[in-house]
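Only one structure is covered here, and it is reproduced in the block below.
The values are calculated or read from the model by the stated rules, or taken from the named source; none is laboratory data. As the structure is a prediction and not an experimental result, all values here were calculated from the model. Note that each Cβ is placed from the backbone with ideal geometry, even for glycine, and that neighbours are counted across all protein chains shown.
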């Protein structure tokens with residue numbers, strides 16, 4: 001569950017990428033044909049936007065025809081290929097090591113304003129997010145994601161990037177990841193933390209302006225007007241540093257073009273990346289032309305709405321050979337939070353705030369992720385009845401993660417009223433579910449969860465985790 005914060009970072013990355021164009025040229029199509037330079041069959045390049053908006057999903061009638069004509073679909077990141085280790089590593093890179101959010105603001109009022117705004121937007125689930133230690137760029141992306149969720153709550157569309165991944169998978173295409181998580185995170189790290197903090201403060205102070213920019217981006221994208229998107233970027237990039245601009249645009253575009261040059265020679269490929277990677281002197285289109293390819297726009301006379309709420313297919317992961325004998329469970333005796341529980345391995349403990357503690361454990365043998373969050377609730381939360389409180393937490397958790405609540409019911413745990421439930425984590429983690437138990441005893445609140453494939457969430461080890469939980473204070 002908590003590892004899902006990483007995908008909020010991808011939202012930030014995608015939003016930034018779709019604003020990066022260096023030079024205005026007449027690029028007036030999202031779909032481009034690539035041939036010549038020894039290719040036996042053409043490949044195609046399509047510019048995407050990280051959005052569920054219906055205008056973004058109104059694809060030209062040529063798009064799916066060209067995808068069908070290819071053997072592979074290439075994306076910036078293929079989430080199906082990400083393992084637990086990748087997610088945990090990426091999540092750890094979201095945090096500042098020796099700096100806090102307060103350290104980044106010279107004015108105490110600016111710090112208080114930013115922190116208050118972020119916590120208000122995150123809501124009751126704020127205790128799971130270490131706002132004080134998360135890099136400002138990722139806090140900014142969390143705000144963007146929640147705003148998008150609010151605006152798209154009536155839409156069942158997948159994010160457009162995820163739609164192409166899911167469509168490629170459904171059609172039996174080979175999925176190719178152009179970049180690694182480490183490369184994307186390293187690119188983001190090129191922006192100094194204080195510049196990130198300035199951008200976050202500007203976002204808080206000018207929320208209406210950012211909403212207007214977002215709507216303008218979607219409209220220009222729907223019109224396939226990349227020149228207008230360029231002008232929008234040029235007007236907003238003054239806070240970007242040269243090193244960040246080089247890392248997030250120039251270097252990544254060069255890597256994309258080089259890797260496309262390799263895999264297009266093996267088979268015809270439909271490549272879908274952020275739309276504003278395409279144009280400009282250092283854009284992928286021009287870089288491919290420099291390599292000797294002919295790159296021409298493909299126009300679609302008609303638009304056809306695409307219903308992108310495709311069903312998710314659980315991953316069919318199998319392990320060859322004899323199964324590894326399970327390790328005996330490990331007792332976590334958390335005196336500071338007043339509980340004991342059995343876990344499949346030793347837990348990592350992290351203090352998110354003065355009275356918020358998160359315990360996490362990765363069961364790599366079974367691809368499961370365990371977590372226990374503890375906090376002392378404020379008086380206002382303690383005054384609510386249990387069922388209303390639990391429902392509010394569950395709904396907020398599902399909303400912030402783009403997940404779907406499958407069931408929730410009141411149960412008795414340790415002679416107290418608790419709630420158990422399960423969520424489908426949605427397109428960001430296709431086929432992955434989260435099973436949880438929430439328990440409130442006086443002012444103390446515990447949220448236990450296990451994330452993994454649904455068929456794994458009711459095995460003996462997982463049941464032991466939930467059944468062994470005991471409050472000791």
Restrict the check to the range 134-147 and report whether at least one residue is under 30 Å from residue 68 (Cα atoms) and at pLDDT below 85. no
State all residues of the range 427-460 that are more than 21 Å from residue 390 (Cα to Cα), surrounded by 19 or more Cβ atoms within 10 Å (Cβ to Cβ) and either at pLDDT 90 or above or in contact with a strand residue (DSSP E or B) (Cβ under 7 Å, 6 or more places away or on another chain) (or both); if no residue qualifies, say none. 432, 452
May I ask you to say which residue of 187, 197, 228 is surrounded by 14 or more Cβ atoms within 10 Å (Cβ to Cβ), without any contact (Cβ under 8 Å) to a residue 24 or more places away in the chain and in a helix (DSSP H, G or I)? 228
Could you check, for the range 172-182, whether at least one of its residues is out of contact with any helix residue (DSSP H, G or I) (no Cβ under 9 Å at 6 or more places or on another chain), within 30 Å of residue 112 (Cβ to Cβ), in the same structural domain as residue 136 (by TED's automatic domain parsing) and part of a loop (DSSP other than H, G, I, E, B)? no
Going through 310, 319 one at a time, which residue ends up being at pLDDT below 80, in contact with a helix residue (DSSP H, G or I) (Cβ under 6 Å, 6 or more places away or on another chain) and not assigned by TED's automatic domain parsing to the domain that holds residue 160? 310
Quick check on this structure: which one of 370, 407 is within 30 Å of residue 145 (Cβ to Cβ), modelled with pLDDT of 90 or more and buried (at least 19 other Cβ atoms within 10 Å of the Cβ)? 370
Can you tell me how many residues in the range 59-75 are over 19 Å from residue 27 (Cβ atoms) and modelled with pLDDT of 90 or more? 11
